[in-house]
Amino acid sequence: MAGKIPVMINYATGAIRNSEYAREKCGFEHIITSRGLLKKLKLEPIPGMIFLEDIMKELTIWDKLPSALLSKLPASLIKLSVHAGKPEDTSVILFTSGSEKEPKAVQLSHKNIEHQIKILPGMVAADSNDVFAGALPLFHIFGLTITFWIPLLTGASVVTFPNPLDYRFICENVRKYKVTGMVGTPTFFNGYLRRSNPGDFETVRFGISGGDKLPEKLRLAYKEDHGVTLYEGYGATETSPVISGNSIFHYRPGSIGKPIIGAEVKIIGTDTDKVLPAGEIGKILCKGDFVMTGYLGDYEETMLHMHNGWYDTGDMGCFDDDGFLWHKGRLKRFVKIGGEMVSLVYVEDAITRFLPDDVQCCVVELPHPVKGAEIVAAISSENYNKLKLSLQLKLELPAIALPKRYYVLEEMPLSGTGKIDFREVKNICSKLRQDQKDNKEDLKSKINSLVHKKPNKKESEEDNSPGF
């Protein structure tokens, strides 16, 4: 309404670093924040920060009076007093998760977000009577569109939570406020499931899962324990966010649903632009009013992902014969070993089936001097039988897809939206592998020194003593 473009900053993972990165990328000067937030995050302010508490203290009755009078006017006149802009104008700048490389500044227009607001509520029959649980952060497009703009512009209610990881508190208030719609990533939904009591989700009509692949065990657990259907969707920051999704009208567990109204989606070959038929796996491309205008200050990346209006998601997938889309993983999460392409997501799914429900798994590839790459698995607990797991996986996976090493990470690194930070997992596993190698070399060196050590005269006499 002020004619400004807000830049939403991720304060959950490196708030100061992200603030400085965003300022350099977007060229703004001031950062609107709160002293209370900095205190909670145990951070010192940086130059350019403006605090909401200070603004509130400076407001006088003479500042408030004009706004109070303006609010009494008809809506048509109020609209004339604020900035409107064009549908193609940039509405907001958000950053990609940065789980694979440096975050990119995504420019989304009013038209992009408006398209989602018109289409998405109808997929679950959401209306002004619904109550959403707003635990997703607004610096992520999933939270900004689904749990901010949609409730605001449909007249629905939203119960907001400052910390999406406060699972017990959220479950209690889902029950208290009779929430009807829950939205989150599989990580968050898993946390709610573990900390919930019978009856907590009694009023919930639907759950919308996105941001990562929904494990089958988690979907079944919600249905069996709470009678709640989790509708899995698919999208990206660049698509405002939804490209496809399951709905009350078409639902196929395991798939990521059908393309939403107004979305064109095609599957093309990884090495060609040939459109592939149903059943064949290739790159997922999409087109429509929901696709971003481009990356700010990054023409090269924009051209790399945008082709004649089509956005290359960087994901692999296929259609089935009924038009449902199936996600097969990031193209970057396929690794070539021995000349064969292996899906890390496929390996993760296999491992997850044999792990306890509350244990997370992330599979990454590390460079190998001979094979080029090797697959390793990071697991969030020691509460599993490694030998049994290895034997089970040998029956499920081809030999080239079997993890060569297993590492225990007490806490799986996550982004602020609950997605696993693959880049950080890879860094940690790489360090652990190097530590193991160093320890092995150190032990080998000690053994060699003991074997080749020349005994002194006293030791020699003791060694040759009777009964040695």
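The values are calculated or read from the model by the stated rules, or taken from the named source; none is laboratory data. As the structure is a computational prediction, the values presented were derived from the model and not from experiment. Here the Cβ positions follow ideal geometry from the backbone for every residue, glycine too, while neighbour counts run over all protein chains shown.
For region 243-280, how many residues are in contact with a Leu (Cβ under 6 Å, 6 or more places away or on another chain) and crowded, with 24+ Cβ neighbours inside 10 Å?
Adding up the residues that qualify gives 2.
Which ones in region 17-43 are hydrophobic (A, V, I, L, M, F, W, C) and surrounded by 17 or more Cβ atoms within 10 Å (Cβ to Cβ)? Spell out how you get there, then give the answer.
The initial filter retains those residues of region 17-43 that are hydrophobic (A, V, I, L, M, F, W, C), namely 22, 26, 28, 31-32, 37-38, 41, 43.
Scanning region 17-43 gives Ala22, Ile31, Leu38.
Touching a residue at least 40 places away in the same chain (Cβ under 8 Å), surrounded by fewer than 23 Cβ atoms within 10 Å (Cβ to Cβ) and not polar (S, T, N, Q), is that true of Leu152? I'd like the intermediate steps shown before the answer.
Working: touching a residue at least 40 places away in the same chain (Cβ under 8 Å): no; surrounded by fewer than 23 Cβ atoms within 10 Å (Cβ to Cβ): yes; not polar (S, T, N, Q): yes.
Here the answer is no, as Leu152 does not meet what is asked.
If you take the residues in region 64-74 that are surrounded by 10 or more Cβ atoms within 10 Å (Cβ to Cβ) and within 42 Å of the chain's Cα centre (by Cα), which one is modelled with the lowest pLDDT?
Going residue by residue through region 64-74, those that are surrounded by 10 or more Cβ atoms within 10 Å (Cβ to Cβ) are 64-65, 70, 73.
Cutting the leftovers down to within 42 Å of the chain's Cα centre (by Cα) gives us 64, 70.
Details: Lys64: 93, Leu70: 90.
Result: Leu70.
Looking only at region 315-343, which residues are within 19 Å of Pro367 (Cβ to Cβ) and in contact with a Ser or Thr (Cβ under 8 Å, 6 or more places away or on another chain)? Can you show your working first?
So in region 315-343, the residues within 19 Å of Pro367 (Cβ to Cβ) come out as 330-343.
Residues satisfying the conditions are Leu331, Arg333, Phe334.
Which residue pairs have Cβ atoms under 8 Å apart, sit 6 or more places apart or on different chains, and have a first residue in region 368-388 that is over 27 Å from Leu414 (Cα atoms) and assigned by TED's automatic domain parsing to the domain that holds Ala399 and a second that is of a type outside the set (D, E, K, R) and assigned to a strand (DSSP E or B)?
Listed pairs, sorted by first residue: Lys371/Ile337; Gly372/Ile337.
Only residues that are in contact with a helix residue (DSSP H, G or I) (Cβ under 9 Å, 6 or more places away or on another chain) and surrounded by fewer than 21 Cβ atoms within 10 Å (Cβ to Cβ): list them for region 115-133, please. If you could, list the steps in order and put the result at the bottom.
To start, the set of residues in region 115-133 that are in contact with a helix residue (DSSP H, G or I) (Cβ under 9 Å, 6 or more places away or on another chain) comprises 116-117, 120-121, 126-128, 130-133.
Ile117, Pro121, Asp127, Ser128, Val131 - these are the residues of region 115-133 that are in contact with a helix residue (DSSP H, G or I) (Cβ under 9 Å, 6 or more places away or on another chain) and surrounded by fewer than 21 Cβ atoms within 10 Å (Cβ to Cβ).
Need at least 1 residues that are touching a His at 6+ places or on another chain (Cβ under 6 Å) per element, so show me which strands (runs of 3 or more DSSP E) inside region 293-400 make the cut, counting only ones lying wholly within it. Full working, then the answer.
Numbers: elements: 310-319, 325-330, 334-337, 340-343, 361-368, 372-379.
Hits in region 293-400: 310-319, 372-379.
Within region 232-273, count every residue that is out of contact with any helix residue (DSSP H, G or I) (no Cβ under 9 Å at 6 or more places or on another chain) and closer than 14 Å to Trp310 by Cα.
Result for region 232-273: 7.
Being free of Cβ contacts under 8 Å to residues at least 12 places away in the same chain and either of a type in the set (A, V, I, L, M) or part of a helix (DSSP H, G or I) (or both): is that true of Arg17 here? Walk me through how you get there before you give the answer.
On the way: free of Cβ contacts under 8 Å to residues at least 12 places away in the same chain: yes; either of a type in the set (A, V, I, L, M) or part of a helix (DSSP H, G or I) (or both): yes.
In short, yes.
Among the listed residues Ile141, Ile170, Ile146, identify the single one that is in contact with a Pro (Cβ under 6 Å, 6 or more places away or on another chain), in contact (Cβ under 8 Å) with a residue 12 or more places away in the chain and buried (at least 22 other Cβ atoms within 10 Å of the Cβ). Write out each step before concluding.
Working: Ile170 fails: in contact with a Pro (Cβ under 6 Å, 6 or more places away or on another chain); Ile146 fails: in contact with a Pro (Cβ under 6 Å, 6 or more places away or on another chain).
On inspection, the qualifying residue turns out to be Ile141.
Give me the residue from region 329-343 that is of a type in the set (Lys, Arg) and out of contact with any helix residue (DSSP H, G or I) (no Cβ under 6 Å at 6 or more places or on another chain) and, out of that set, modelled with the lowest pLDDT.
From region 329-343, those of a type in the set (Lys, Arg) are 330, 332-333, 336; that's our starting set.
Applying the additional criterion that residues be out of contact with any helix residue (DSSP H, G or I) (no Cβ under 6 Å at 6 or more places or on another chain) yields 330, 332, 336.
Values: Arg330: 83, Lys332: 79, Lys336: 73.
Per the criteria, the residue is Lys336.
Is there a residue being at positive phi and either among the charged types (D, E, K, R) or in contact with a Gly (Cβ under 7 Å, 6 or more places away or on another chain) (or both) anywhere in region 285-301?
Going residue by residue through region 285-301, those that are at positive phi are 288, 294, 297.
Next, from what is left, pick out any that are either among the charged types (D, E, K, R) or in contact with a Gly (Cβ under 7 Å, 6 or more places away or on another chain) (or both): 288.
Checking region 285-301: at least one residue is at positive phi and either among the charged types (D, E, K, R) or in contact with a Gly (Cβ under 7 Å, 6 or more places away or on another chain) (or both).
Give the residues of region 174-186 that are in contact (Cβ under 8 Å) with a residue 24 or more places away in the chain and surrounded by fewer than 22 Cβ atoms within 10 Å (Cβ to Cβ), sorted by residue number.
Quick first cut of region 174-186, residues in contact (Cβ under 8 Å) with a residue 24 or more places away in the chain only: 174-175, 177-186.
Arg175, Tyr177, Lys178, Thr180, listed by residue number.
Which of the numbered conditions does Asp358 fail, given that it passes all the others? Conditions: (1) surrounded by fewer than 16 Cβ atoms within 10 Å (Cβ to Cβ); (2) within 17 Å of the chain's Cα centre (by Cα).
(2)
State yes or no: is Leu393 in the same structural domain as Pro356 (by TED's automatic domain parsing) and touching a Cys at 6+ places or on another chain (Cβ under 9 Å)? Steps first, answer last, please.
Numbers: in the same structural domain as Pro356 (by TED's automatic domain parsing): yes; touching a Cys at 6+ places or on another chain (Cβ under 9 Å): no.
Considered against the rule, which asks whether it is in the same structural domain as Pro356 (by TED's automatic domain parsing) and touching a Cys at 6+ places or on another chain (Cβ under 9 Å), Leu393 comes out as no.
Only one residue in Asp322, Asp298 is in the same structural domain as Phe249 (by TED's automatic domain parsing) and either farther than 27 Å from Ile261 by Cα or among the aromatic types (Phe, Trp, Tyr) (or both). Which one?
One residue alone meets the criteria, Asp298.
When region 55-89 is examined, which residues are found to be charged (D, E, K, R), within 28 Å of Glu20 (Cα to Cα) and without any contact (Cβ under 8 Å) to a residue 12 or more places away in the chain?
Passing the criteria: Lys57, Glu58.
Check region 26-45 and report whether any residue there is free of Cβ contacts under 8 Å to residues at least 24 places away in the same chain, of a type in the set (Ser, Thr, Tyr), in a helix (DSSP H, G or I) and over 22 Å from Lys104 (Cα atoms).
No.
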